[in-house]
Amino acid sequence: MFDLDRWREIFQSINKNRLRSVMSGFTVAFAILLFTLLFGVANGLGNFFKGAFADDAQNAMFVRVWKTSKPYKGLQTGRRVQLKNKDYDYIADEYENKIQYKSSRIYKNFTIKYKNEASSYSVMAVNPDHQYLEKTIINEGRYLNERDLKAKSKVIVIGRLIKKDLFGEKPALGKRVNVNGSSFLIIGIFSDDGGDNEERKAFIPLSTSQAMYGNNDYISQIALGYNPNLSTDAAIAFGNQMERDLRKKLNIHPDDQSALSVRNMAEANKFVGTVMLALFFIITFIGSGTLIAGIIGISNIMIFVIKERTKEFGIRKALGAKPSSIVGMVVQESVLITTIAGYVGLTIGTYILSLIGNSLEEKYFIKDPSVSSEIVIGATFVLIVSGLIAGYLPAKRAANIKPIEALRAD
Amino acid sequence: MIRIEKLHKSYPIGKDSLHVLKGIDLHIKEGEFVSIMGSSGSGKSTLLNIVGLLDVHDEGNYYLNGQLIKDLNEKKAAILRNKFLGFVFQSFNLISYKTALENVALPLYYKGMARKERLKIAQEYLEKVELGPWANHLPNELSGGQKQRVAIARALVTKPKVVLADEPTGALDSTTTDSVMDLLKDINDEGMTVFVITHEEEVAEQTKRVVRLKDGLIISDELTATGKAKTV
C-alpha cells in the first residue's frame, strides 16, 4: 500500500532534520562501505590464488627428472636420469583408471622462420591430450591429433604471439614455416590464459620430434591429468605412489627429490582450498562484525532520535494519531534511510573496487576485487531488516508512552 | 457532554502514592464554558488530562458524549480524541518543523482526509483566527499569541464537541490573553463546549461557570456574572 501522505510526512521529517538523517545515514553507509571493500578485497585475494594456478589443468600432474643427488644400488651421484617412451607406457598401463589425460613432453628451442621474419621459440613435442593439460585454447584451425602422431606429420600449432610476430595481421593458418630447417604446416593457432610466455610457444607431434631430432625414444617430462573423480587426498596418494614406483623402476634412491619428482596440482588444490576456507571464515567473521557495528550504530541513533521526538509523538497522539501510525512512520523513515545509505555505501564501495581493478595484483596479490550480486542482495536485505528493527523497537516503546507523559518530555 | 462520578486518581511516588483526585463529581452540558480554578497541585491538570483521554483514572465513572470511558487502549483513545476533543496547551505544542498551515491540518491527516481538502479547511480556520497571511510560517517565526491562535485553530479544525484548554493564557501577556479569551468566547458562542483550566481570576471571570478545586476536591461550583447574565 502506497500512502503518499505518509511519504510526505517522512520526507518532511527527514528534510527538516537533515543533520540527524545524514548522521544516521552516514553510519550505515560507512559500515556497508567497509563491508563491501572487505568482501571485495577478500574476493580479490581468492581470485589471485585461483588465478595463480590457472595456467594448467586443475588436475594436472607433472613427472620431471634431473640428475641424481644420492648414490643408490652402486650407482653414482650426478647420474642423469632419462625418461623414455616405455616409462610413459608403463604409467599409462599401471594407472589406467586413475588417469584422465596423459601426454609426454619434449622441450626444444627452435628458430621458426616465415619469409624474412624469424625468431627463436620454445617448441614442445607432445601428445594430443596435452591440449587439456595445458589448457590450450584453439583460436583457429585445430590441435594435434592421433593421426598426426601416427604419420609423424610435420605439422605445428603456434601461439597467438608467434603468429603476431611472424605474420602480423595476415592469415597464418595453412601456411608453411621453417622450423629448425624443416618445413612445417601450421594447422592451428592458440591462446592461453597463463600469460604472454605461454603464447610464444609452439606444439609439434611427439613422434615427429623423436624421429627428426635424434631418432630416439627419449622424453623430457610426463604430464598427466588425474581422474577428476578422485578426491584430493586420493589424488595426492596416487601421485606419491607413482613417484615411488618410478624411482624403483629407474633405480633412484627413494628420497632423491632431485632425480625425480612429481608436481601434483592436487597438493596445490588442497592448499588453495585451505587458504580459501580460512579466508572465508575471516571475512565472514569481520564482515558480520562490521555489519553488526553498523546496525548497533543506527539503533543507537534511532533510540536518541525517538527520545528527541517523544514530545512530538505526544502532540500527534493528542491530535488523534494511533500508535500504529507513529510506529509505521518511524519504521518507514528508518528503513528508507538505511536503504538509501546502504545503497550509497555499496555504490561507493563497488566503485572503489572497480578503480582498484588489477592494479594491486603484483604487490598485494589482489586480483579483480569485486562483490557478487548474492552478497549485495544479502547485505541489502540485512540492512532493510536492521533498519526495521532499529526503528521498530524504540518507536513501539515511544508510541505506547501515555500522551501526557510524552507531552511532558523535553 | 461530560459526566464524571466519584473520580479518583493517584500517582505512585516511589513506594507511596500521591492521591491527587479524591472523588470528583462534575457534569458539564453541551455548550457550556467552564473554567477550573485551583492552585498548583490542586489536581486541575490531572482532571483535564483524564477528561482529555491523555491519562486514565483509577476509580469512578467518566462518560464522554454518553459513552462510558473504560479500559480504552491507545488506538481507541486516539480515535475518540480525534473525533470529540480539541486541545489547547499552555506551551502551544506546535510541531516545530511544520508550518502554521501544516500544524493546523495535522488532525485532519489523522482523520484520513485528502491533502488538498485538509489544507483548504486548515486555511479557513487560520483565517478565522486572523492568521491567514502567516500560513506558511514556521512556529518560531510567530509570536506567543500567534502561536496560541494557531493551536486554537488546530484544536477547532476537526469540529470537536469539546475544546480543552490547559492554561491557554499562561505564557501570554495581558493583551494577547484578552484576544485568546475572545477567541474562546466566540467558539463557545458557536455552540462548542469549552473547558478551561487556569489559575488567573481574570481569565476565569470571562467564562460562564467556575469550578474551584482544592486538594483533589471540588470546593465550589458557581456561575460567573457573565454566566448568570446569559442564563437569565
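Summary of values
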| item | result |
| --- | --- |
| Strands (runs of 3 or more DSSP E) (entirely within segment A:128-205) containing at least 1 residues that are of a type in the set (Ser, Thr, Tyr) and over 25 Å from A:MET265 (Cα atoms) | A:182-191 |
| Count of segment B:112-136 residues which are within 23 Å of B:PRO168 (Cβ to Cβ) and within 14 Å of chain A (Cβ to nearest Cβ) | 2 |
| Hits in segment B:76-98 - residues which are more than 7 Å from chain A (Cβ to nearest Cβ) and on the phi > 0 side of the Ramachandran plot | B:PHE92 |
| Yes/no for B:TYR62 being open to solvent by less than 40 Å² (accessible area, probe 1.4 Å), in a strand (DSSP E or B) and over 19 Å from B:GLY145 (Cβ atoms) | yes |
| Residue match in segment A:304-323 (condition: hydroxyl-bearing (Ser, Thr, Tyr), part of a helix (DSSP H, G or I) and open to solvent by 50 Å² or more (accessible area, probe 1.4 Å)) | no |
| Among the candidates A:ARG6, A:ARG18, residue that is within 14 Å of another protein chain (Cβ to nearest Cβ), open to solvent by 80 Å² or more (accessible area, probe 1.4 Å), over 21 Å from A:ILE286 (Cα atoms) and not small (Gly, Ala, Ser) | A:ARG18 |
| Residue selected from segment A:209-227 under the condition part of a strand (DSSP E or B) and surrounded by 16 or more Cβ atoms within 10 Å (Cβ to Cβ), by the criterion farthest from the chain's Cα centre (by Cα) | A:ILE219 |
| Counted residues, segment B:63-93 - those being of a type outside the set (A, V, I, L, M, F, W, C) and in contact with a helix residue (DSSP H, G or I) (Cβ under 7 Å, 6 or more places away or on another chain) | 7 |
| Residue in segment A:318-332 that is under 31 Å from the mean Cα position of the chain (by Cα) and among the polar types (S, T, N, Q) present | no |
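The values are calculated or read from the model by the stated rules, or taken from the named source; none is laboratory data. These numbers were taken from a predicted model, which means no experiment stands behind them. When we count neighbours, we look across all protein chains shown, and the Cβ atoms used for this are built from the backbone with ideal geometry, even at glycine. Heads up: the accessible areas ignore ligands, DNA and RNA and are worked out on the full protein's heavy atoms, side chains in. Shrake-Rupley method; radii C 1.70, N 1.55, O 1.52, S 1.80 Å.
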